[in-house]
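Taking it in order: structure first as structure tokens, then the write-up.
The values are calculated or read from the model by the stated rules, or taken from the named source; none is laboratory data. What you are looking at is a predicted structure, and each value in this text was computed from that prediction instead of being measured. A quick note on method: Cβ atoms are made from the backbone with ideal geometry, for glycine too, and the neighbour counts reach across all protein chains shown.
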Amino acid sequence: MQHAVIMAGGVGNRLCVLSDKRAKPAVPFAGKYRILDFALSNCVNSGIVEVNILTQYKPASLNEHIGIGKPWDLDRRRGGVRLLHPHPSWRETDWYSGTADAVYQNLHDVTRWSARDILILSGDHVYKMDYREMAEYHRSREADVTIAVTPVPWERTGQFGIVELEADGRAAGFVEKPATRPRSNTASMGIYIFQVEVLARELERDAADPLSHHDFGRNILPSMLGRCRVYGYPFAGYWQDIGTLDTYYEANLDLISDLPNLDLYDPSWLVHTRDVYYPPVKFIGSGAAEGSLLSNGCIIYGEVRNSVLSPGVVVEKGAVVDRSIILNDTWVGPSARIDRAILDKNVHVGRGARVGEGETLVPNQGCPDHLSSGLTVAGKHARIPEDGVIGRNVRIGSEVNESHFPGKEVASGMVVEAPGEEGH
């Protein structure tokens, strides 16, 4: 199996300001990577050299990152990587109406190979997986479609498609994001291997149904049960759906533990990414870091603890960054304090500012469902005023500057937005 489709058009509302300006698969992760790098690297490490990436929502950052696919050795005349965008059609809108519709609109492109099977992936998960083992399982059972599955905590089953498996691995049930406790906690990983002929037939069938949501989890897979040979492939390794701020934060900070669940240092399974040409990390004077990941180009005059820093971050003298994720080229001013915060690219933290202050856990007014655990987030190019005191569960929008703050203090749960910049 040498052909794959990666669906990378996700909006990612629950990632708040991190997905205001970019698609979810393009969100930076682990300092130097993007979330999409994991699916792409799994493909090339599994010998898959023809990859179509379906984009939709704010694709500019993703397009720039992937380019012609050189970091993944996918810049080749035969095969390689192709980015497919929504295109005008006979419909009222050229946007994809669901995951199945995204593949259907590009059906000619994704089935043009003379292949028996095709791999379909989500681009917003972090994991390492050899797809060849799944393909062998799929063929040994003569399956029409095989779904990669993994157990999830019972309290999180409502966030996934839940698969009920028989003893031989055949799927007996599939419920997308069940509202009540399901009979199983086995979750679909959003990884499917279809026989190409079966995929084309099922997409045509679904496209003709005016009541369908044109989604693999809600429509295609449940409708195949009983009619087709649908199997679940059990995956026992690390897999994380980076769907919320909390899972994003936890997955990043897990990497700084002594024995992280995801090993980025395994030479047999490298995670490839577009290289960023920064000089080495530099510590000046009493600058220090403990239990942290620091990327190239970081300059540390102050102190970094239990944090993940992307390329080009500067932490000035007397500043402390603790339990935080700081993205590219952010500047943390002298004597500033950052605690349990996620700061996007090019954020400017003024001298003496305190971000993530206090113990009050009032949920955020604008997005209480996914900003309530005590994190504080700031979007791209935000400027936090000198000596500002920012509480917890605060959302600071992209392009916010000092004039947009209500004063030096921002209470927990507040929203600070620039005019015309509405966050999620």
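Whenever a residue of the range 151-163 is in contact (Cβ under 8 Å) with a residue 60 or more places away in the chain, its partners that are hydroxyl-bearing (Ser, Thr, Tyr) and part of a strand (DSSP E or B), lying with C-beta atoms within less than 8 angstrom and at least six residues away or across chains, give the pairs Phe160/Ser188; Gly161/Ser188; Val163/Thr186; Val163/Ser188. In the range 1-44, which residues are part of a loop (DSSP other than H, G, I, E, B) and closer than 20 Å to Leu255 by Cα? Hits for the range 1-44 are Val27, Ala30, Gly31, Lys32, Ile35.
Residue count for the range 242-255 under the criterion of being assigned to a helix (DSSP H, G or I) and either acidic (Asp, Glu) or within 21 Å of Ile147 (Cα to Cα) (or both): the result is 3. When every residue of the range 376-391 is checked against the conditions, at least one turns out to be touching a Cys at 6+ places or on another chain (Cβ under 7 Å) and either in contact (Cβ under 8 Å) with a residue 40 or more places away in the chain or buried (at least 19 other Cβ atoms within 10 Å of the Cβ) (or both). For the range 151-241, the strands (runs of 3 or more DSSP E) that sit wholly inside it and include 1 or more residues that are among the hydrophobic types (A, V, I, L, M, F, W, C) and either over 22 Å from the mean Cα position of the chain (by Cα) or not assigned by TED's automatic domain parsing to the domain that holds Tyr104 (or both) are 161-165, 171-176, 186-195, 230-234. Looking at this structure, is Tyr96 of a type in the set (Phe, Trp, Tyr), touching a Phe, Trp or Tyr at 6+ places or on another chain (Cβ under 9 Å) and at pLDDT 80 or above? Against the criterion (of a type in the set (Phe, Trp, Tyr), touching a Phe, Trp or Tyr at 6+ places or on another chain (Cβ under 9 Å) and at pLDDT 80 or above), Tyr96 does not qualify. Would you mind finding the one in Arg116, Arg141 that is closer than 21 Å to Arg205 by Cβ and either surrounded by fewer than 18 Cβ atoms within 10 Å (Cβ to Cβ) or aromatic (Phe, Trp, Tyr) (or both)? Being closer than 21 Å to Arg205 by Cβ and either surrounded by fewer than 18 Cβ atoms within 10 Å (Cβ to Cβ) or aromatic (Phe, Trp, Tyr) (or both) holds for just one of Arg116, Arg141, which is Arg116.
Can you confirm whether the range 325-334 contains a residue that is among the β-branched types (Val, Ile, Thr), modelled with pLDDT of 95 or more and not in a strand (DSSP E or B)? The answer is yes, given that some residue of the range 325-334 is among the β-branched types (Val, Ile, Thr), modelled with pLDDT of 95 or more and not in a strand (DSSP E or B).
Matching residues to (1) surrounded by fewer than 16 Cβ atoms within 10 Å (Cβ to Cβ); (2) among the acidic types (Asp, Glu):
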{"position": "Thr157", "(1), (2)": "no, no"}
{"position": "Lys177", "(1), (2)": "yes, no"}
{"position": "Arg183", "(1), (2)": "yes, no"}
{"position": "Glu197", "(1), (2)": "yes, yes"}
{"position": "Ile220", "(1), (2)": "no, no"}
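Does Pro267 meet the test of being surrounded by 14 or more Cβ atoms within 10 Å (Cβ to Cβ), outside the structural domain of Val332 (by TED's automatic domain parsing) and without any contact (Cβ under 8 Å) to a residue 24 or more places away in the chain? Answer is no for this residue.
Scanning the range 44-57 for residues that are surrounded by fewer than 24 Cβ atoms within 10 Å (Cβ to Cβ) and either assigned by TED's automatic domain parsing to the domain that holds Gly291 or not β-branched (Val, Ile, Thr) (or both) turns up Asn45, Ser46, Gly47, Glu50, Asn52, Gln56, Tyr57.
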